[in-house]
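Notes to accompany the following structure.
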Amino acid sequence: MIEQIRATAREILQNKTVDLVIGYEVGTRGATRPAFICSADEVDRLIWNDACTHNLTNYVRGKHVPPKRDAPPARLGLVLKACDARALNVLLRENQVPRGDLYLIGVVCEGMRQDAGFATRTLGDLQPRCQTCTERVPVVYDSLIGERKTSEVFETSEVWQELDRLGVMTPGERQAFWDAEFARCLRCYACRQVCPACYCVECTAEQLDPEWVGIGICTPEKRFFHTMRAYHLAGRCVGCDECARVCPIGVRLDLLNAWFRREVQQTFDYQAGIDATTLVPLATFKPNENLEL
Amino acid sequence: MINPYIPYLGRLTDIQSLGTGIKLFKVQLENGTPAGEFSYRPGQFAFVSAFGVGEAPFGITSVCGIDNTVDFAVNKVGTVTRALHEMNVGDMVGVRGPMGNWFPLEDIKGKNVIFLGGGIGGAPLRPVITSILHDRNSYGNMTILWAARNPKLLVFTDEYDIWRQSPRTELHLTVDEGDAGWTGNVGLITALLQKVKPSPDNATVIICGPPIMIHFAIIELQKMGFTSEQIITTLEAKMKCGIGKCGRCNIGEKYVCLHGPVFSHMEIKEFLESFL
Amino acid sequence: MNFITHVQLQDWLARMMKDRTVIAPTRAIEDLVRYQPVNSPDAIAFDFTRTAISPKEFFLPASEAILTIERVRQIAAGSNNPEWNVKLGEPELDRSQVLFAIRPCDTHALLALDALLLQEPVDAYYARRRKQTTLIGLACEHPGATCFCTSLSFAPDDSNGMDVMLYPVEGGYALEAQTEKGQVLTDNLALAPYRGERPQKTWLPAEFSVPPRVVWTQLFNDPHWGRLADRCLSCKICAYVCPTCRCFDVRDYIVAQGLGYQKIERLRCWDSCMAEGYQRIAGGHNPRPTKAQRLRNRFYCKFDYYPADFGALACVGCGRCIEYCPVNVDITEVLQSVAIKGETLATNSTRL
């Protein structure tokens with residue numbers, strides 16, 4: 001598969017279909033990290049393994065912007081897993097980048113391991129999101145690499161069981177649970193920065209005029225930030241769990257966003273990013289909509 | 001140990017309009033604070049607090065020992081400046097300072113001094129001009145080039161006649177865009193510089209204005225034969241503490257609040273980072 | 001030097017906890033050791049190389065009030081008009097505290113912060129916390145996976161800056177009080193003298209050295225910074241886990257309000273030059289709009305600007321940024337890359 005990824009990248013760079021290919025490479029201390037390849041003779045840096053956890057859709061908007069004011073925007077090649085491809089559909093649906101400027105190298109994924117992408121950690125078991133993934137094949141691509149092998153799909157994961165436990169708590173107990181999580185938060189905003197769906201030029205949490213939330217790294221402000229972000233992501237989050245992976249304090253953002261995904265699924269029978277055309281339930285208003293919930 | 005984060009309290013004794021969106025605030029430091037300790041020189045700045053909103057740094061436009069209030073010219077661009085603009089005479093503000101370095105008024109004695117002031121950038125230059133007027137014979141010719149985007153943004157207009165009437169002093173005004181009543185120069189300050197053509201002989205130039213104006217003015221001055229030692233400017237940056245602790249205002253290894261805001265071009269041309 | 005057994009250590013800590021806040025490493029959640037106030041010696045974790053977050057939060061808290069303002073609406077004598085009367089206050093600080101088991105790298109970081117924050121004008125709040133805190137250091141037994149203190153000419157058993165120093169030895173620790181503050185804590189301990197050899201230095205070979213200033217200056221516009229910044233997320237993890245990063249934001253907040261009354265706190269909170277809007281001024285201009293400029297600034301600040309301005313390296317080799325960066329921006333890779341490029345430049349210039 002690695003050879004096919006490299007061959008595809010080499011071809012689209014050589015025939016100038018794209019200016020840049022974003023994929024994965026091995027960095028220092030064995031860590032897998034995002035790679036930015038701008039010439040065909042560098043494609044041998046590209047790899048594929050079970051630590052390619054990063055959602056590369058996150059880099060699309062930043063790299064699509066033209067380098068100089070009057071230059072045309074860059075055309076990008078992107079290595080995408082199934083979840084990343086759905087994230088790309090979210091961006092396409094929201095008109096954030098034209099499809100024509102992208103060449104998508106879809107890769108069939110057998111799942112990523114826990115603690116992937118860090119410099120010193122040993123890879124663990126399959127990540128919870130991968131345990132229950134029914135897709136494995138990206139929903140949008142220009143080239144597809146790999147074939148779906150029969151691999152185990154877990155009926156349930158620990159995360160779903162935790163959601164059930166949260167579900168039977170009283171609101172007071174749930175608030176105490178989340179406040180304990182948020183108490184550890186440092187407001188480093190890594191969760192927001194790594195998320196492809198969080199692309200606001202100026203985040204609500206950092207706006208000063210008007211100021212929605214203060215700068216304090218204290219529980220009320222953190223509760224506001226995380227709750228607001230979860231609401232802004234409802235119907236748009238694809239469950240890549242990168243936010244939880246990057247958090248240095250282990251705040252359970254995977255659980256928080258899974259809660260919202262479940263709510264959206266149950267209420268609207270909707271999953272984010274399956275295609276780039278379906279109207280997003282929480283971003284769509286129909287005048288004759290039934291408002292009784 | 002003096003706590004440098006505690007401001008002096010000051011009462012607004014007068015608020016004047018200096019231009020569209022620009023006001024001059026005159027602050028009387030309260031008796032309870034050691035106001036005698038608040039001695040400052042032209043070029044220095046202070047943080048003014050709009051309590052409940054925050055503080056922001058402003059160049060001090062008054063001259064210690066000549067003016068009996070501490071004055072700040074404030075352009076309404078953000079949250080703190082908006083809060084200040086909504087205040088009335090009698091309201092209390094905080095003043096934390098004085099901070100930064102100052103213009104080398106001693107070193108330029110005997111020289112011809114040329115001022116290039118753009119918009120609100122004229123505010124830090126005003127105390128230098130006033131200081132020279134009060135010690136007129138210690139300095140050579142004074143050539144003041146004053147610019148703004150339009151006539152309503154020219155600051156300190158009520159002092160222009162005082163400046164003009166001083167011996168060996170010229171004032172030249174220009175605006176980017178005139179209005180119905182404007183009969184003066186129209187064009188950028190660099191065009192005015194080319195027209196006035198001040199001589200570099202025994203001269204010092206002090207520039208203050210938007211960074212892009214400073215950038216192009218320096219190019220023009222160098223073409224006219226001014227050396228780096230002859231060019232002095234004052235820079236701005238986003239600041240939070242003003243005393244070199246919070247790390248925000250650095251341009252390379254220089255902190256605008258500690259090593260500046262007054263910088264000579266000798267220093268600026270060694271900057272790794274651009275001040276733009 | 002004295003010898004303290006494990007049991008004697010527990011007793012000593014338990015007695016300390018009665019009238020002081022004792023901050024020690026504890027396991028916050030699985031695999032995450034952090035310094036936190038503890039009530040019992042049982043809560044202390046000893047099996048760690050260095051903690052996840054540095055102990056700088058006890059000297060420069062993530063959020064703290066640096067000024068309180070009370071505004072009361074009054075009618076002044078001889079006037080009909082109400083006006084706001086303003087009273088300023090300084091927040092009180094906590095009782096004296098002990099920071100137990102601080103590693104040499106983290107104390108070195110405090111010394112680096114001292115070089116800035118204790119320089120005139122002194123940062124009153126940091127200074128008071130430094131004065132009120134007694135540091136009990138613990139020498140390292142083995143290096144962590146990302147440690148590189150020796151490459152910066154520091155040592156894992158360095159007692160510089162500690163009030164009391166502990167070196168792990170058979171059966172307990174070799175203990176030495178180094179300052180008056182340290183002696184206050186150790187005076188009543190009935191300890192046997194330590195008769196062994198001076199504890200063996202933990203072995204961590206230096207792998208590289210910090211390139212000199214001239215190399216950093218020459219590489220300022222090198223395209224390497226842009227390529228490095230491609231994968232950077234502009235999150236603030238590296239700055240927040242770092243023991244020397246100290247940039248902060250300041251803003252006022254109304255914390256209580258009533259008829260004719262307002263209580264305001266001026267808060268200062270951690271911030272980082274990595275954030276996109278860090279230097280943006282009112283009006284919208286941003287001097288560092290690109291990731292490359294911001295990432296470059298962070299490394300230059302650590303290895304070029306801070307040493308030039310304040311006389312200390314703003315990096316101690318703890319390796320937290322390497323461990324927690326989600327996209328493998330590795331400070332040792334940067335240093336080695338700068339060193340290699342520096343050598344190439346030197347070779348090229350001698351050839352000319």
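No value in this document is a laboratory result; all are computed from the given coordinates. Every value quoted in this text rests on a predicted model; they were computed, and no experiment measured them. Glycine gets a Cβ as well: all are built from the backbone with ideal geometry, and neighbour counts include every protein chain shown.
Here, P(r) means the percent of Cα pairs in each 5 Å bin from 0 to the largest distance; for region A:1-80 it is 3, 16, 26, 24, 18, 8, 4, 1, 0. Rounded to the nearest whole Hz, the Karplus-based 3J(HN,Hα) values (6.51 cos²θ - 1.76 cosθ + 1.60, θ = phi - 60°) of region A:276-291 follow the sequence 9, 10, 4, 5, 7, x, 7, 10, 10, 10, 10, x, 9, 5, 6, 8, with x at glycine and proline.
Give the shape of region A:158-283 as rounded, prolate or oblate, defined through the alpha-carbon gyration tensor: a ≥ b ≥ c are the square roots of its eigenvalues, a/c under 1.5 means rounded, and otherwise the shape is prolate if a/b is larger than b/c and oblate if not. Walk me through the intermediate numbers first.
Working: a/c = 1.66, a/b = 1.12, b/c = 1.48.
Verdict is oblate for region A:158-283.
Semi-axes of the equivalent ellipsoid for region C:1-158, computed as √(5λ) from the eigenvalues of its C-alpha gyration tensor and ordered from largest down, come to 41, 19, 14 Å. For residue B:152, a cut-off of 28 angstrom between C-alpha atoms picks up these lysines, skipping any fewer than 8 places away in its own chain: B:23, B:26, B:76, B:195, B:197, B:238. Under 5 Å from the amide H of residue B:43 lie the amide H atoms of B:60, B:103, each residue being 5 or more positions distant or on a separate chain, with H modelled from the backbone and absent for Pro and chain starts. Between residue B:158 and residue B:88, the simple spin-label model (points 7 angstrom out along Cα→Cβ) gives 2.1 nm. Considering only A:35, A:283, A:272, the Gaussian network model of chain A with Cα springs below 10 Å gives its largest mean-square fluctuation to A:283. When the alpha carbon coordinates of region C:195-262 are projected onto the principal axes, the ranges are 67, 55, 25 Å, largest first. Within the listed set C:302, C:291, C:87, the Gaussian network model of chain C (springs between alpha-carbon atoms below 10 Å) gives the highest mean-square fluctuation for C:87.
By the scheme Lys and Arg +1, Asp and Glu -1, what is the net charge of all other residues having a beta-carbon under 12 Å from that of residue A:34? Mind dumping the intermediate values first?
Working: positive: A:33, A:45, A:63, C:227, C:231; negative: A:25, A:84, A:242, C:230.
It works out to a net charge of +1.
From the square roots a ≥ b ≥ c of the eigenvalues of the alpha-carbon gyration tensor of region B:1-87, which class results: rounded (a/c under 1.5), prolate (a/b over b/c), or oblate? Since a/c reaches 1.5 but b/c is at least a/b, the shape of region B:1-87 is classed as oblate.
Checking Cβ-Cβ separations below 4.7 Å across chain B identifies B:64, B:208, B:249, B:257 as cysteines lacking any candidate disulfide partner. Pairs of Lys residues in chain A that lie 8 or more places apart, or on two chains, and have C-alpha atoms under 27 angstrom apart add up to 5.
Of the three principal axes defined by the Cα atoms of region A:2-145, the extents in descending order read 47, 33, 26 Å.
Karplus-derived 3J(HN,Hα) values for region B:193-203, using 6.51 cos²θ - 1.76 cosθ + 1.60 with θ = phi - 60°, are 4, 5, 6, 6, 6, x, 7, x, 4, 6, 10 Hz; glycine and proline are entered as x. Mean partner shielding of peptide A:203-209, defined as the number of other chain Cβ atoms within 10 Å of each residue Cβ, is 3.
Given a Förster distance of 35 angstrom, what is the FRET efficiency for residue C:189 paired with residue A:180, based on the Cβ-Cβ distance and rounded to 0.05? Mind dumping the intermediate values first?
Working: r = 37 Å, r/R0 = 1.07.
My answer for the efficiency is 0.40.
Backbone geometry of region A:104-111 corresponds, through the Karplus equation with coefficients 6.51, -1.76 and 1.60 at θ = phi - 60°, to 3J(HN,Hα) couplings of 9, 9, x, 10, 6, 10, 9, x Hz, x marking Gly and Pro.
Amide hydrogen proximity for residue A:205: with H placed 1.01 Å from N in the peptide plane, no residue at 5 or more positions away or on another chain lies under 5 Å. Note on residue C:153 and residue A:17: the model spin-label points, each 7 Å out from Cα along the C-beta direction, lie 5.4 nm apart. When the alpha carbon coordinates of the protein assembly as shown are projected onto the principal axes, the ranges are 92, 78, 77 Å, largest first. Computed from the C-beta positions of residue A:1 and residue C:29 and an R0 of 51 Å, the FRET efficiency is 0.90 to the nearest 0.05.
Relative contact order, whole percent, for chain C stands at 20, derived from Cα pairs under 8 Å and 6 or more residues apart. When the scattering of region B:112-234 is computed by the Debye formula from its Cα atoms alone, each counted once and equally, what is log10 I(q)/I(0) at q = 0.19 Å⁻¹? Ignoring solvent entirely, the Cα scatterers give -1.03.
What does the charge add up to near residue A:94, with Lys and Arg as +1, Asp and Glu as -1, over the other residues with Cβ less than 14 Å from its Cβ?
Values: positive: A:61, A:86, A:93, A:99, A:236; negative: A:275.
It works out to a net charge of +4.
Chain C has equivalent-ellipsoid semi-axes of 37, 34, 17 Å, by the square roots of 5 times the alpha carbon gyration tensor eigenvalues, sorted largest first.
Working from Cα pairs under 8 Å separated by at least six residues, relative contact order for region B:112-234 is 30 percent. The Cα center of region C:243-320 and the Cα center of region C:120-139 differ in position by 20 Å.
Peptide C:56-65 is shielded by partner chain Cβ atoms: per residue, an average of 2 of them sit within 10 Å of its Cβ.
For chain C, a Gaussian network of Cα nodes joined below 10 Å ranks C:299, C:100, C:46 by mean-square fluctuation, and the top entry is C:46. Annotation note: trypsin sites (Lys or Arg not before Pro) in region A:35-84 located in DSSP loop regions with a Cβ neighbour count of at most 10 within 10 Å are A:68, A:69.
Determine the calculated [θ] at 222 nm for chain C from helices alone, applying -39500 (n - 2.57) to every DSSP H run no shorter than 4 residues and normalising by the residue count; nearest 500 deg cm²/dmol.
Details: 11 runs with 104 residues, N = 352.
For chain C, the value works out to -8500 deg cm²/dmol.
Under 8 Å for C-alpha pairs, at least 6 residues apart: give me the relative contact order for chain B, rounded to a whole percent. Mind showing how you got there, number by number?
Working: 568 pairs, mean separation 48.5, N = 276.
Normalised by residue count, the contact order of chain B is 18 percent.
Close amide-amide hydrogen proximity is noted between residue C:98 and C:21, C:22, C:23, C:134, each under 5 Å apart and 5 or more residues distant or on a separate chain (H modeled in the peptide plane; Pro and chain starts excluded). In straight-distance terms, cross-link reach from residue C:18 covers every one of the lysines whose alpha-carbon lies under 30 Å from its own, apart from those fewer than eight places away in the same chain; here that gives C:56, C:131, C:181.
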